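Working notes, beginning with the structure itself.
Just so you know, all these numbers are worked out from the coordinates, no wet-lab data involved. Since we're looking at a predicted model, the values are computed, not measured. When we count neighbours, we look across all protein chains shown, and the Cβ atoms used for this are built from the backbone with ideal geometry, even at glycine.
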Amino acid sequence: MFYPSALHLLLACTIISTCLALECYVCDNQEDNKGKCVKSIKTCEQGEDVCLTEIRWGSIPYFNQGAQKQYFISKRCSTKSLCERYRESNMHLCTHIWYEDWKCSECCKGDRCNYFVISGSDAHSISGLVGVVSTIALILYR
């Protein structure tokens, strides 16, 4: 009869955990959802069971009157509980008001589920939407 050694069990667990590990796209404060944000993939650590995506709209490094605003996209692995807490703490900041700084975050489950940014939109689609909304606002409030 074959009895597995501790080394065999360790090897089997390593292979299984590697095969079952979640993969997420990762990037930090990128200006669009291209390049690094859709090419850099990380195998998440044990316990990290969701992918977290954040999009910020604002000026960098500090707000100046008339400073040009832009998008900043970050993606990473997270635990579900930490991601949900982070999302809830950002909820009041997720306004999408073009003339204010804002920040939104999303959690998703599944390998590479964070390819798209917030509800499947990339920064260029959001930029176009913000442009349309701002044009309408200018027309209405003249």
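Excluding Cys27 itself, calculate the net charge of residues whose Cβ lies under 11 Å from the Cβ of Cys27, where each Lys or Arg counts +1 and each Asp or Glu counts -1.
Details: positive: Lys34, Lys36, Lys39, Lys42, Lys75, Arg76; negative: Asp28, Glu31, Asp32, Glu54.
Residues near Cys27 contribute +2 overall.
Among 28-36, 90-98, sorting by the average number of other beta carbon atoms lying within 10 angstrom of each residue, highest first, gives 28-36, 90-98.
In nm, what is the difference between 0.36 nm times the number of residues separating Thr79 and Lys36 and their Cα-Cα distance? Mind showing how you got there, number by number?
Values: separation 43, 0.36 × 43 = 15.48 nm, distance 2.21 nm.
Roughly 13.3 nm would be gained on extension.
What's the extension gain from Cys94 to Leu20 if we count 0.36 nm per residue and subtract their Cα-Cα distance? Each step should come with its number before you reach the end.
On the way: separation 74, 0.36 × 74 = 26.64 nm, distance 3.29 nm.
Stretched out fully, the Cys94 to Leu20 stretch lengthens by 23.3 nm.
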